[in-house]
Amino acid sequence: MSTQRQCTTPKISDFGVNYLLVTTKHYSTRLSQQTGQEAESSEACILLQDGSRGITSSEVVVMDVPGRGDSIPPSGTVAFTAKLNISDSYPCHTGVLKFATVLLNEGGGYSPDTGIFTCPVDGLYHFTVHVSVYGRGQCAIYKNGEKVVSLYHTSLPDKCSQVASISAVVKLSEKDKVWVNIWGPGRNDIFATEDNDTVFVGVRLGQ
């Protein structure tokens, strides 16, 4: 079996493998089981033997494992819980409601800066929203700009504190976006206190 040396930056298209992980410092190599390729690493180079070509590199090469995003933990779990800050109560805008306090963010899909969950890996996801309402409140779960489910709740005429909830199972593909949308003034009596939370929860159920 011959090996050729190339002083080019390795690309996944050069090998036709599903995934590739090579570290030169620890001299460990993991290649696709489909191809049965082997690799040898020396002090300054990595030789990938596929019968016709190889590469020379002194850097670590990391490629994606199929079916899993870069931020997916080893367990494969994707789940988040985020709640509304007290200072963000009674929002006056229309659009995305940001849940800035993150309690859990396995997989890194939820952004407290934008309030948007970006799907890191395909699958079925379950989303739940619990809102504390003092007056009138309306919100909806949106996927890629389209409404999935919504709620409207009023505690009038008594105007007491109550909790309303919605949930949905949604099929997502990688990079799909999900968020909680609100309607603004007139239906914005959604709040949080030390004893009353407004919460956005999501978890991946499986394929």
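Quick notes on this one:
- Residues of the range 107-146 that turn out to be closer than 15 Å to ARG204 by Cα, surrounded by 17 or more Cβ atoms within 10 Å (Cβ to Cβ) and among the aliphatic types (A, V, I, L, M), as a count: 1
- LEU103 being free of Cβ contacts under 8 Å to residues at least 24 places away in the same chain, over 16 Å from LYS83 (Cα atoms), assigned by TED's automatic domain parsing to the domain that holds ASN188 and not aromatic (Phe, Trp, Tyr): no
- Qualifying position, being under 17 Å from LYS83 (Cβ atoms) and not small (Gly, Ala, Ser), among VAL148, VAL169, VAL178: VAL178
- Filter pass, TRP179 being in the same structural domain as VAL96 (by TED's automatic domain parsing), surrounded by 20 or more Cβ atoms within 10 Å (Cβ to Cβ) and under 19 Å from ASP88 (Cβ atoms): yes
- Of the residues examined, TYR134 is not one that is within 16 Å of the chain's Cα centre (by Cα) and aromatic (Phe, Trp, Tyr).
- Of the residues making up the range 186-201, those that are of a type outside the set (A, V, I, L, M), surrounded by 12 or more Cβ atoms within 10 Å (Cβ to Cβ) and either over 30 Å from ASP122 (Cα atoms) or not assigned by TED's automatic domain parsing to the domain that holds TYR125 (or both) are ARG187, ASN188, ASP189, PHE191, THR193, ASN196.
- One residue from SER155, SER167, SER173, SER150 being within 19 Å of HIS93 (Cα to Cα), small (Gly, Ala, Ser) and either in contact with a strand residue (DSSP E or B) (Cβ under 7 Å, 6 or more places away or on another chain) or surrounded by fewer than 14 Cβ atoms within 10 Å (Cβ to Cβ) (or both): SER150
The values are calculated or read from the model by the stated rules, or taken from the named source; none is laboratory data. Just so you know, these numbers come straight off a predicted model, no measurement behind them. We place every Cβ from the backbone using ideal geometry, glycine too, and count neighbours over all the protein chains shown.
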